[in-house]
């Protein structure tokens, strides 16, 4: 049989193959194209969207859910994925979309108008992003059930169109930057609402009656606004309400008794308003209450007895009111109470004894009341207590033994009472203690050696009691101790040498005891020591030469039996009042000529031998460089103004003699010649700012070098003065010193210590031989720790606390040893000034350092400083500036850092390669982790500066271990 030829068949197949190459590809489905355009507008540092690629179906994309029947996209869920960028209008083609949730990212830009085309949308959740401008009218989305746009930067008028979305179950518009306005009456149309969150939305006026028609409401949060008027009795209509948040407003009047009809209420917070009167007895019938807070109001009278019968109460806070009378006897007896704060009221009678009946109490704060009698024995079994403060009462008797042995207590404050007895040796079992505060009582006996077991102790205040015996040498085991106050007791014996082991001590006060022996030279081992008061004791011997090398801000050795030469550097710092009533102390003759002192002149060869060395030491300590203004700048200007205004006689006297006299206010023992101070030359200009120019000046009379700021004339100086009045008293080794203020005929000058190494910003950019950076990692760490101590001093050791508001690297100055000093307090505020209901402040700070919350609220806190300090840490770690083009348009170093924290390799790329040798990479990573904590977006999650100091101390590059607690934050990965 004849075979078929194969060649034509092969040719046909080849032709078909070639033709197939030119067949046009099918276009991607519309939904896939829309999602890919959506992805193009976003930055995805973690790679979560890597599965979003060209595909016939988007149903396999991460975070995408499709309808099983139709295959259409119905849900986009990308919460907390570190995404940034903007929302593309392309999303509007997703006609079947029911859920769009991008919560907790860094999405910015505007919300596209085209979103109204997603007519099936039921859930729109964009909370906790960075979106801006006016919210478009979304009232056409009739099927919307959840609308949460809270915690963004939306502006414009409050969206009154939300009243048309009658299907809403949840509505969140709080924490945005709306224009000041009122809650619209139309809010009452949302009859299905169960959750309404309008906190911090710039709302004012009264709460509209229509809101109380939302009978399905379970959560109502109108906190942190400027709402006024009374709480309407119509609130009783909200029968399903279980959470009511009205705190930080301007509400007035009394609480209506009708509130007791809200029997499902579990949480109520109406704190920080102007409410007054007695609490209705009916409030005690709210048996489901879990949280009850109405602190900082003007309530008075007795607390309803019904609170004693509650069975679910966990948190109770009514501090800063005027409640009086006896506290409900059974309070806490039947409830799992965790925290109670009844401080700053006028409660009297015996102290409540059932507060820890369920053994769950952690926070017991009852300071500044009128409680009397003994401490209930039942509290000795309250092992759960962490913070125990009953100071400023009228309590007496001995402390039950078990109270000294609370294993979880971090703070015990019994000060300003009439307690007697001893500190039990059981105190050694309270190993978590960081603060033991017992001043102004009648405690007696020896200080137990078991105090040395409190290795976490940071503050030990035992002043003004009747303690006797010796200071136990075990005090040297307290390596975390920063403040030690034993003044006004009857302690005797010598100061233990072991105190030198307390390497983190900042201030020591042993005044008014009967201590004897010599001043131990081991004090010089405490590099952080700022203040030392040993006055009014029986100390003898010479003043140790080692004290001269310390950079103390305050010292008082008066009223002892010391002899020999007073070191000139200490005399320059504190003046002779710190050495009076020591009959045999003297001052070198050459130094005596420069200052006014009542101390006698030293005689003999030994005294003269040290004169030259003392002079050199004196000059080396005084000489330093300054670029910015420091703490106290405006305060002194204010004082000088007051001098000028209140001393007309002096002015007239000056006029009679020709030129007016200078008004001088001095704050440190440095001799000032006004005419010399004001004779600087332009070639000595070292800086210029908004309030004046700064000059370097070598004083001819004593050879010291200072920095002089010539203040500009105008209102700015008065504004600064009004803000900074308290800062003239600041004394800390890490706060720049202000020496004096001079004023005459409207001209004002401020005299500061001169800082040799300029500011930190400049130092980070400078190089030494071989192109190496001027600051190695060890120097940077030292600067970080010192600056942290300075800010912590402002926040935790000044009373009231001070918020700097402009922490940045140019405001951290460096002396000759690279010891940092915080400077420029021109916009600082006292924390108490922010606590009133009407306090608002103009935005202060520098771009790149400003905490994100200040974009939507003018209210600042210490946590704003923590954020700014965290940015400085990032500068030290990376060697980069806060704002650089590489970070992207509108981005900063904090954002850039956040995109590199997914693993250790990426984290290592953040380190300044010029200093990040392999041996210290781990140490730098430890500090990076602290910096990330400090720059967390939510202020409540940032550590305090005291905690920062502790964490940095644990991150010492000379140490091999570190522990960071409470770092489970969404913005910080485990990259160590």
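The values are calculated or read from the model by the stated rules, or taken from the named source; none is laboratory data. Worth saying up front: this structure is predicted, and the values here are computed from it rather than measured. Cβ atoms come from the backbone with ideal geometry, glycine included; neighbour counts cover every protein chain shown.
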Check: In the list 503, 498, 474, 487, which residue meets the criterion of being free of Cβ contacts under 8 Å to residues at least 60 places away in the same chain, more than 27 Å from residue 392 (Cα to Cα) and part of a loop (DSSP other than H, G, I, E, B)?
Finding: 503
Checklist line | Criterion violated by residue 809 - all others in (1) closer than 24 Å to residue 928 by Cβ; (2) at pLDDT below 90; (3) within 27 Å of the chain's Cα centre (by Cα) satisfied | finding: (2)
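Residues are listed down the side, and each one gets a yes or a no for (1) assigned to a strand (DSSP E or B); (2) surrounded by 24 or more Cβ atoms within 10 Å (Cβ to Cβ); (3) at pLDDT 85 or above:
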| position | (1), (2), (3) |
| --- | --- |
| 726 | no, no, no |
| 731 | no, no, no |
| 750 | yes, yes, no |
| 755 | no, yes, yes |
| 775 | no, yes, yes |
| 781 | no, no, yes |
| 788 | no, yes, yes |
Margin query: Out of 274, 236, 260, I need the residue that is over 21 Å from residue 158 (Cα atoms), surrounded by fewer than 20 Cβ atoms within 10 Å (Cβ to Cβ) and in contact (Cβ under 8 Å) with a residue 40 or more places away in the chain. Which one?
Written below: 274
Next item on the list: Select the strands (runs of 3 or more DSSP E) contained entirely in the stretch 390-469, then report the ones holding at least 2 residues which are touching a helix residue (DSSP H, G or I) at 6+ places or on another chain (Cβ under 8 Å) and free of Cβ contacts under 8 Å to residues at least 60 places away in the same chain.
Entry: none
Checklist line | Residue count, the stretch 898-911 (criterion: touching a helix residue (DSSP H, G or I) at 6+ places or on another chain (Cβ under 7 Å) and either at pLDDT 85 or above or outside any loop (DSSP other than H, G, I, E, B) (or both)) | finding: 4
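The rows are residues; the columns are (1) farther than 30 Å from residue 818 by Cα; (2) outside the structural domain of residue 510 (by TED's automatic domain parsing); (3) at pLDDT below 80.
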{"residue": "551", "(1), (2), (3)": "no, yes, yes"}
{"residue": "554", "(1), (2), (3)": "no, yes, no"}
{"residue": "573", "(1), (2), (3)": "no, yes, yes"}
{"residue": "585", "(1), (2), (3)": "yes, yes, no"}
{"residue": "592", "(1), (2), (3)": "yes, yes, yes"}
{"residue": "601", "(1), (2), (3)": "yes, yes, no"}
{"residue": "606", "(1), (2), (3)": "yes, yes, yes"}
{"residue": "614", "(1), (2), (3)": "no, yes, yes"}
Notebook entry, point to check: Are any of the residues in the stretch 880-897 within 18 Å of the chain's Cα centre (by Cα), farther than 26 Å from residue 786 by Cα and at pLDDT below 90?
Noted result: no
Margin query: Could you check the stretch 1-51 and list, in sequence order, the residues that are out of contact with any strand residue (DSSP E or B) (no Cβ under 8 Å at 6 or more places or on another chain), crowded, with 16+ Cβ neighbours inside 10 Å, outside any helix (DSSP H, G or I) and modelled with pLDDT of 90 or more?
Written below: 44
Check: What number of residues within the stretch 86-109 are out of contact with any helix residue (DSSP H, G or I) (no Cβ under 7 Å at 6 or more places or on another chain), part of a loop (DSSP other than H, G, I, E, B) and under 15 Å from residue 42 (Cβ atoms)?
Finding: 8
Check: over 15 Å from residue 145 (Cα atoms), in contact (Cβ under 8 Å) with a residue 24 or more places away in the chain and touching a helix residue (DSSP H, G or I) at 6+ places or on another chain (Cβ under 6 Å) - does that describe any residue in the stretch 174-185?
Finding: yes
Next item on the list: Looking only at the stretch 922-938, count how many residues are outside any helix (DSSP H, G or I) and either over 30 Å from residue 152 (Cβ atoms) or touching a helix residue (DSSP H, G or I) at 6+ places or on another chain (Cβ under 7 Å) (or both).
Entry: 2
Notebook entry, point to check: If you scan the stretch 516-534, which residues turn out to be farther than 21 Å from residue 793 by Cβ and either within 27 Å of the chain's Cα centre (by Cα) or surrounded by 22 or more Cβ atoms within 10 Å (Cβ to Cβ) (or both)?
Noted result: 519, 534
